[in-house]
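Contents: one structure, followed by commentary.
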Amino acid sequence: MNIILLGPPGAGKGTQAERLVDARGMVQLSTGDMLREAKKSGTEMGNRVAEVMARGELVTDEIVIGLIEEKLTGENGGGFIFDGFPRTLAQADALGALMAKTGKTLDAVIELKVDDAVLVDRIVGRAEQARAAGQPVRADDNAESLKQRLMEYYKKTAPLLGYYYAKGDLKSVNGLGAIDEVAVEISAVLKNL
Ligand code: AMP
């Protein structure tokens, strides 16, 4: 089973993806994690995108599509969870083509529905928690980048809701509950596929 987790920054995509990895042996493909990893290991591409990410803007379609393409041929256990990808219509089209080429199907697109005030609180809270625990704070978890990330979401990513709805793939769950409650809702969706 291959699924996309779709929702604005702070909706809980990464958290729920980790749950699915543990519960179902699925493989999480987070382009955000891949880009942060590239930055940490100091690759040329990582350095090139670091500032774009810190500003809260999207990196180019070409880069993230390339990252995903590399992973699609790898081991996929219980299936792939696309987390933070696709984020533009061009990425969604590219994913469709890559899946077809590698003989895979997309089984569902799960939207985590949340409201904006909650997102801001969650992201600010995530930065504060990391700071208190002496852990590194994401360079883009600050008020200015957050505004930009939300704007990018509404301008470029939110149209994917309509795109996948029209394809008949969209399932929405309430992302406002506790982590366990959201996980139960997602399980219910997956059981009914
Ligand atoms: P995330 O960890 O998913 O919140 O992503 C962090 C940042 O990485 C985003 O704000 C973008 O700058 C970049 N990024 C991650 N995934 C994508 C994507 N699919 N397309 C473009 N930029 C991305």
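The values are calculated or read from the model by the stated rules, or taken from the named source; none is laboratory data. Note that the structure is predicted; figures quoted are calculated from it, not measured. Neighbour counts are summed over all protein chains in view; Cβ atoms, including those assigned to glycine, are modelled from backbone coordinates with ideal geometry.
From the list LEU5, LEU58, LEU29, which one is part of a loop (DSSP other than H, G, I, E, B), among the hydrophobic types (A, V, I, L, M, F, W, C) and touching a residue at least 40 places away in the same chain (Cβ under 8 Å)?
Checking each option against the conditions leaves just LEU58.
Yes/no per residue for (1) aromatic (Phe, Trp, Tyr); (2) surrounded by 16 or more Cβ atoms within 10 Å (Cβ to Cβ); (3) touching a strand residue (DSSP E or B) at 6+ places or on another chain (Cβ under 7 Å):
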| residue | (1), (2), (3) |
| --- | --- |
| GLU152 | no, yes, no |
| LEU161 | no, yes, yes |
| GLY168 | no, no, no |
| LEU176 | no, no, no |
| GLU181 | no, no, no |
| ALA188 | no, no, no |
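I'd like to verify a number: residues in segment 32-56 that are surrounded by 19 or more Cβ atoms within 10 Å (Cβ to Cβ) and away from the ligand (no atom under 12 Å from the Cβ), how many?
Within segment 32-56, residues that are surrounded by 19 or more Cβ atoms within 10 Å (Cβ to Cβ) and away from the ligand (no atom under 12 Å from the Cβ) number 0.
Exactly one of these conditions fails for VAL137: (1) surrounded by 16 or more Cβ atoms within 10 Å (Cβ to Cβ); (2) out of contact with any Gly (no Cβ under 7 Å at 6 or more places or on another chain). Give me its number.
Answer for VAL137: the failing condition is (1).
Mind checking which residues of segment 102-158 are in contact with a helix residue (DSSP H, G or I) (Cβ under 7 Å, 6 or more places away or on another chain), assigned to a helix (DSSP H, G or I) and farther than 14 Å from ALA11 by Cα?
Within segment 102-158, SER145, GLN148 meet the criteria.
Which numbered condition trips up ILE81, out of (1) among the aliphatic types (A, V, I, L, M); (2) closer than 15 Å to MET1 by Cα; (3) without any contact (Cβ under 8 Å) to a residue 40 or more places away in the chain; (4) crowded, with 18+ Cβ neighbours inside 10 Å?
Result: ILE81 passes all but (3).
Restricting segment 108-133 to residues that are touching an Asp or Glu at 6+ places or on another chain (Cβ under 8 Å) and modelled with pLDDT of 90 or more, which is farthest from GLN148 (Cα to Cα)?
Among those residues, the one meeting the criterion is ALA108.
Return only the number of the condition from (1) within 8 Å of the ligand (Cβ to nearest atom); (2) touching a residue at least 24 places away in the same chain (Cβ under 8 Å) that LEU95 does not satisfy.
(1)
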